[in-house]
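Step one of this worksheet: look at the structure below.
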Amino acid sequence: FFFQAEDGIRDYKVTGVQTCALPIFFQKGETIATISLDSSKLTAIELQKRLESLLAATQFRARRAGILGSIQIEVQQTKSMVDFLQKLNTSEDSFDEIKAVASDNTYTSGPLKIRLLVMQNSEVIFST
């Protein structure tokens, strides 16, 4: 690389330019936070509060790890987050766990992109 200064000052040649890779805090597919529950015994409001707890735990863990950017919920299987919430509240399948999982490698600058996995007996029933 060459830099040219103004007012006739010399050109400087910079050699040995180094780059450093940002550390990955969360690998794609890594579980960030999990809540256990019995969906058959929860009302829609209780389920919403449990989901809010999961997102709060996810945010806490991200901040504690040093992630500066925002947290984004990636929606792939359902059309939108509203569809996911509706499916969560109306699902005839019972589920015992919801996980927040990194949907991509996450660096310091963020954002932390997550998918929400709704699970029964360690198998994914549906997700965002």
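Residue-by-condition table, conditions (1) assigned to a loop (DSSP other than H, G, I, E, B); (2) more than 23 Å from PHE26 (Cβ to Cβ); (3) open to solvent by 50 Å² or more (accessible area, probe 1.4 Å):
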{"site": "LYS49", "(1), (2), (3)": "no, yes, yes"}
{"site": "ALA57", "(1), (2), (3)": "no, no, no"}
{"site": "GLY69", "(1), (2), (3)": "yes, no, no"}
{"site": "GLN72", "(1), (2), (3)": "no, no, yes"}
{"site": "ASP104", "(1), (2), (3)": "yes, no, yes"}
{"site": "LEU117", "(1), (2), (3)": "no, no, no"}
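Which condition breaks for ALA100 when tested against (1) part of a strand (DSSP E or B); (2) open to solvent by 20 Å² or more (accessible area, probe 1.4 Å)?
(2)
Open to solvent by less than 70 Å² (accessible area, probe 1.4 Å) and either more than 19 Å from the chain's Cα centre (by Cα) or modelled with pLDDT of 95 or more (or both), is that true of SER91? I'd like the intermediate steps shown before the answer.
Values: open to solvent by less than 70 Å² (accessible area, probe 1.4 Å): yes; either more than 19 Å from the chain's Cα centre (by Cα) or modelled with pLDDT of 95 or more (or both): yes.
For SER91, the condition - open to solvent by less than 70 Å² (accessible area, probe 1.4 Å) and either more than 19 Å from the chain's Cα centre (by Cα) or modelled with pLDDT of 95 or more (or both) - is met.
Between a first residue in region 40-64 that is closer than 16 Å to PHE95 by Cα and without any contact (Cβ under 8 Å) to a residue 24 or more places away in the chain and a second residue that is of a type outside the set (Phe, Trp, Tyr) and open to solvent by less than 90 Å² (accessible area, probe 1.4 Å), which pairs have beta carbons less than 8 Å apart while being 6 or more apart in sequence or on different chains?
From residues that are closer than 16 Å to PHE95 by Cα and without any contact (Cβ under 8 Å) to a residue 24 or more places away in the chain, the pairs are LEU42/ARG50.
Mind checking which residues of region 28-39 are acidic (Asp, Glu) and either free of Cβ contacts under 8 Å to residues at least 24 places away in the same chain or more than 17 Å from VAL118 (Cβ to Cβ) (or both)? Walk me through it before giving the result.
Just the residues of region 28-39 that are acidic (Asp, Glu), to begin with: 30, 38.
GLU30 - this is the single residue of region 28-39 that is acidic (Asp, Glu) and either free of Cβ contacts under 8 Å to residues at least 24 places away in the same chain or more than 17 Å from VAL118 (Cβ to Cβ) (or both).
How many residues are in contact (Cβ under 8 Å) with a residue 40 or more places away in the chain and open to solvent by 80 Å² or more (accessible area, probe 1.4 Å) if we restrict to region 74-88?
The total comes to 2.
I need the full set of residues from region 58-73 which are in contact with a strand residue (DSSP E or B) (Cβ under 7 Å, 6 or more places away or on another chain) and more than 14 Å from ALA102 (Cβ to Cβ), in order please.
GLY66
If the requirement is being open to solvent by 80 Å² or more (accessible area, probe 1.4 Å), of a type in the set (Val, Ile, Thr), farther than 17 Å from THR128 by Cα and at pLDDT 90 or above, which of these qualifies: ILE45, ILE9?
After applying the criteria, what remains is ILE45.
The values are calculated or read from the model by the stated rules, or taken from the named source; none is laboratory data. Keep in mind the model is a prediction, meaning the values are calculated, not measured. Note that we place each Cβ from the backbone using ideal geometry, even for glycine, and neighbour counts take in every protein chain shown. Only protein heavy atoms, including side chains, enter the accessible area calculation; ligands, DNA and RNA are left aside. Shrake-Rupley method; radii C 1.70, N 1.55, O 1.52, S 1.80 Å.
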